[in-house]
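Chemist: I'd like to ask some things about the structure below.
The values are calculated or read from the model by the stated rules, or taken from the named source; none is laboratory data. Everything numeric in this text was worked out from a predicted model, so none of it was measured. Positions of Cβ are generated from backbone atoms using ideal geometry, with glycine treated the same way; all protein chains shown enter the neighbour counts. Protein only, heavy atoms only, side chains kept; ligands, DNA and RNA dropped before computing areas. Shrake-Rupley method; radii C 1.70, N 1.55, O 1.52, S 1.80 Å.
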Amino acid sequence: MAEVKIKDIVKRYGELQVIHGVNVDIRDGEFVVLVGPSGCGKSTLLRMIAGLEPISDGEMLIDGKVVNKVLPKDRDIAMVFQSYALYPHKTVAENMGFSLKIKGVPKPEIEAKVKQAASVLDLGKLLDRYPRQLSGGQRQRVAMGRAIVRDPRVFLFDEPLSNLDAKLRVAMRVEIKELHQRLKTTIIYVTHDQIEAMTMADKIVVMKDGYVEQIGAPLDLYDNPSNVFVAGFIGSPSMNFIKGSIRSDGGAQRFVSDHGSVLPVRPLPVSDGHPVIYGVRPEHITLGPGGLPVRVAVVEPTGAETQIFARSNEDAIDAMLRDRIAVRAGDHVNFVVDPVNAHVFDQQTTKRIS
Amino acid sequence: MGSNRTGWLMLAPTLLILGVFGIVPFFYVLYLSFHQWNPFAANPNMIFIGANNFRRLVFDGEFLTSLWFTLKFAFFAVVSEIIIGYMLAQMLTRDFYGKGFFRTIHTLPLIVAPIVVGSVWRLMTTPSIGIIPYYLNKWFGYQLNIGSDATAAFIITVIMDIWHWTPLVTLTLLAAIVSLPKDPFEQAQIDGANRWQIFWHITLPMIRPAILATVFIRLMDALRTVDEVWMLTGGGPGAATRFVGLHIWKIVFPKTDYGYGSAISIIVLYLTLVMCWLLYVGLVAPRVRRSKVNADA
């Protein structure tokens, strides 16, 4: 149980600066996900929290104490690596009990704790096996078990699910979330998968190129992305972006794309002709009378949903519709957007306007 | 069928060489060991004497002493080489100024022929002209004379072997260390282990196969050391460094007692196999068995 404060953290490798003054406050018991494309510095940040990577500048505080110079072994944190990092020469039980053995915990107590964690993770029958005798999913569980046994102040997860197949990943996602609800320990979780971030986090930190782009609750990021990057990164399928400008011509404001497509907006504090990027999520588009006339290019039915890739003039727009719709490539339909769901960003700064 | 024949054809040169230089001589030596044969004696004929050579061996004080010296020599040399080699390998995993230069210099002894190593060390240890006695005397007032001091001679042979063969150990252990995955070591740090605990619980078990392989190689080599020591001390003073290889040489060549020399060779081969087998049973096999049991479970 601990809160973690990341204050103006900078990471440099020689001349190259990869993290540029990151600030994040993590409350006690919070589940925070660091998310971003590869190379954004999220794993480096996590490794700095763990103490595996020296901090070039700024302060890292755990429970109010600066830990910049504290060795990993003295930080009382547990970490699950992407590769699981199991000790190949130790059995599952030895892997899980290693940290306690190092601490000098009496053997019966270690055994009890390992057994307890094993039963939580359904590893009871595998305790005498070696890592090479386990499947990927089982190894992942052992790595988690090793963390749980510790009862640490903070859990760190570095893309723990990315080596699992899709089905197992969903199952483990639920399990990790349940685990958090039961243990109520602070978790800092790194992933490049925005679905994982959305489904698990109390708070998401979106990173790009060593900067924090936005921090907020999952749905908050989804509803109010602060810039084009976050808007495009969060949500699947990705948000539609169309370049154009705001026009009113005396009447109500509307968006007119560079290619002439017209879409509705809420009243915006910008002057006529202001260059903007118009964003709308595919799932916020409906078919109907009025709206934007488009020509259907490709239809992808998935059973539950139908995704339509369409063109309006030269503008590409996707729509994700809840129903099965009898549309075919080449059809002409109308895409309707509720102005409430329209996101408008400044073209120059890519920051949100509405 | 065709590919089978091609396979044998491809293997033929190797098998031929192995047969001519390995298998045939081995059986010839085995055959000789049951005979009395001294081609330069009054009776140069080969006489079958059953296991008499082996019986003689058991009561041969000279042989037993040389065997004991050899075991001591192998033990001190191999243990030191493994420890020093490991430390050097660890050092070479880090970056320091002049690392490339050091690595080259450090590996040089490996490419020097044993006979040359022996000559060089002989020069370096000869009392009136050698650099080692000179400085030992200058700094510590110690008179090193491996021609008269048995213990000193023995220690110098061990040091020479360490000098010659530690680079091999360094290279094999370095290869093992750099090929280890990084994550378990970081995990161990996070698990709260200090450097010593990481070494003992993580590094050592993970490079264990490499260490064992190196021990096997070095042990077999050390048990049959001849040329370096022959050059350095000639087995002396007295018989203080007459290791078993030298002993065999003395019996076969100056004494031309081929039968008895062959018997000793066979016994030394047998002892080497037994020692390696004991090491294997003691250190490798339990692990293999343990993991097999687990796999079956």
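Chemist: Keeping to region B:85-102, report how many residues are surrounded by fewer than 16 Cβ atoms within 10 Å (Cβ to Cβ), in a helix (DSSP H, G or I) and not aromatic (Phe, Trp, Tyr). Break it down stepwise before answering.
Modeler: Looking only at region B:85-102, we keep the residues that are surrounded by fewer than 16 Cβ atoms within 10 Å (Cβ to Cβ), and these are B:87, B:90-91, B:93-102.
Checking which are in a helix (DSSP H, G or I) leaves us with B:87, B:90-91, B:93, B:99-102.
Next, only the ones that are not aromatic (Phe, Trp, Tyr) stay: B:87, B:90-91, B:93, B:99-100.
The number of residues fulfilling the criteria is 6.
Condition check ((1) within 19 Å of the chain's Cα centre (by Cα); (2) of a type in the set (S, T, N, Q); (3) not assigned by TED's automatic domain parsing to the domain that holds A:Ser38) across all residues:
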| residue | (1), (2), (3) |
| --- | --- |
| A:Val120 | no, no, no |
| A:Leu134 | no, no, no |
| A:Gln138 | no, yes, no |
| A:Arg153 | no, no, no |
| A:Asn163 | yes, yes, no |
| A:Arg169 | yes, no, no |
| A:Glu178 | yes, no, no |
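Chemist: May I pose another question? Under 7 Å by Cβ, and 6 or more places apart or on different chains, what pairs join a residue from region B:163-188 that is free of Cβ contacts under 8 Å to residues at least 12 places away in the same chain with one that is among the aromatic types (Phe, Trp, Tyr)?
Modeler: Within 7 Å, the pairs are B:Asp183/A:Phe81; B:Gln187/A:Phe81.
Chemist: Of the residues that make up region A:52-74, is at least one open to solvent by 30 Å² or more (accessible area, probe 1.4 Å), among the hydroxyl-bearing types (Ser, Thr, Tyr) and at pLDDT 90 or above?
Modeler: So far as region A:52-74 goes, yes, one or more of its residues are open to solvent by 30 Å² or more (accessible area, probe 1.4 Å), among the hydroxyl-bearing types (Ser, Thr, Tyr) and at pLDDT 90 or above.
Chemist: State whether one or more residues within region A:80-96 are within 14 Å of chain B (Cβ to nearest Cβ) and assigned to a strand (DSSP E or B).
Modeler: Narrowing region A:80-96 to residues within 14 Å of chain B (Cβ to nearest Cβ): A:80-96.
Filter again for assigned to a strand (DSSP E or B), leaving A:80.
Yes, because at least one residue in region A:80-96 is within 14 Å of chain B (Cβ to nearest Cβ) and assigned to a strand (DSSP E or B).
Chemist: Can you find even one residue in region A:49-58 that is assigned by TED's automatic domain parsing to the domain that holds A:Pro218 and part of a strand (DSSP E or B)?
Modeler: Step one: of region A:49-58, the residues assigned by TED's automatic domain parsing to the domain that holds A:Pro218 are A:49-58.
Of the ones still in play, those that are also part of a strand (DSSP E or B) are A:57-58.
Looking for residues that are assigned by TED's automatic domain parsing to the domain that holds A:Pro218 and part of a strand (DSSP E or B), one finds at least one in region A:49-58, hence yes.
Chemist: Now a separate question. Can you find a residue in region A:106-124 that is within 12 Å of chain B (Cβ to nearest Cβ) and either over 30 Å from B:Val284 (Cβ atoms) or open to solvent by 10 Å² or more (accessible area, probe 1.4 Å) (or both)?
Modeler: Restricting attention to region A:106-124, the residues satisfying the condition of being within 12 Å of chain B (Cβ to nearest Cβ) are none.
No.
Chemist: Of the residues B:Trp249, B:Trp277, only one is farther than 26 Å from B:Gly118 by Cα and either aromatic (Phe, Trp, Tyr) or without any contact (Cβ under 8 Å) to a residue 40 or more places away in the chain (or both); which?
Modeler: Values: B:Trp249 fails: farther than 26 Å from B:Gly118 by Cα.
The match here is B:Trp277.
Chemist: Output yes when any residue across region A:267-274 is farther than 18 Å from A:Asp338 by Cα, open to solvent by less than 10 Å² (accessible area, probe 1.4 Å) and hydroxyl-bearing (Ser, Thr, Tyr), and no when none is.
Modeler: Of region A:267-274, the ones farther than 18 Å from A:Asp338 by Cα are A:269-274.
The next check asks that each one be open to solvent by less than 10 Å² (accessible area, probe 1.4 Å); those that pass are none.
The answer is no; no qualifying residue exists.
Chemist: With a cut-off of at least 3 residues that are under 22 Å from A:Asn227 (Cβ atoms) and β-branched (Val, Ile, Thr), name the strands (runs of 3 or more DSSP E) lying wholly within region A:245-354.
Modeler: On the way: elements: A:254-257, A:262-264, A:275-280, A:285-301, A:306-312, A:315-321, A:332-337, A:343-346.
Answer list for region A:245-354: A:275-280.
Chemist: Same structure, new question: Helices (runs of 4 or more DSSP H) wholly in region A:184-235 with at least 2 residues that are among the aromatic types (Phe, Trp, Tyr) - which ones?
Modeler: A:228-233
Chemist: Next up: Among the residues of region B:137-153, is there at least one that is open to solvent by less than 50 Å² (accessible area, probe 1.4 Å), away from chain A (no Cβ under 14 Å), in a helix (DSSP H, G or I) and in contact (Cβ under 8 Å) with a residue 24 or more places away in the chain?
Modeler: The answer is yes; a qualifying residue exists.
Chemist: Shifting gears a bit: Just one of (1) among the aliphatic types (A, V, I, L, M); (2) in a helix (DSSP H, G or I); (3) open to solvent by 90 Å² or more (accessible area, probe 1.4 Å) trips up B:Leu64, so point out which.
Modeler: (3)
Chemist: While we're here: Just one of A:Arg146, A:Arg129 is open to solvent by 10 Å² or more (accessible area, probe 1.4 Å) and either under 23 Å from A:Leu221 (Cβ atoms) or modelled with pLDDT of 85 or more (or both); which is it? Show your work before the answer.
Modeler: Numbers: A:Arg146 fails: open to solvent by 10 Å² or more (accessible area, probe 1.4 Å).
Answer to the selection: A:Arg129.
Chemist: While we're on this one: Of the numbered conditions (1) more than 14 Å from chain B (Cβ to nearest Cβ); (2) touching a residue at least 40 places away in the same chain (Cβ under 8 Å); (3) farther than 23 Å from A:His180 by Cα, A:Glu53 satisfies every one except a single condition; which is it?
Modeler: It fails just one condition, (1).
Chemist: For region A:125-160: of the residues being of a type in the set (D, E, K, R) and under 17 Å from A:Met79 (Cα atoms), which is farthest from the other protein chains (Cβ to nearest Cβ)?
Modeler: Just the residues of region A:125-160 that are of a type in the set (D, E, K, R), to begin with: A:125, A:128-129, A:132, A:139, A:141, A:146, A:150-151, A:153, A:158-159.
If we keep only those that are under 17 Å from A:Met79 (Cα atoms) too, we end up with A:139, A:141, A:146, A:150-151, A:153, A:158-159.
Working: A:Arg139: 12, A:Arg141: 15, A:Arg146: 8, A:Arg150: 8, A:Asp151: 12, A:Arg153: 12, A:Asp158: 10, A:Glu159: 12 Å.
It comes out as A:Arg141.
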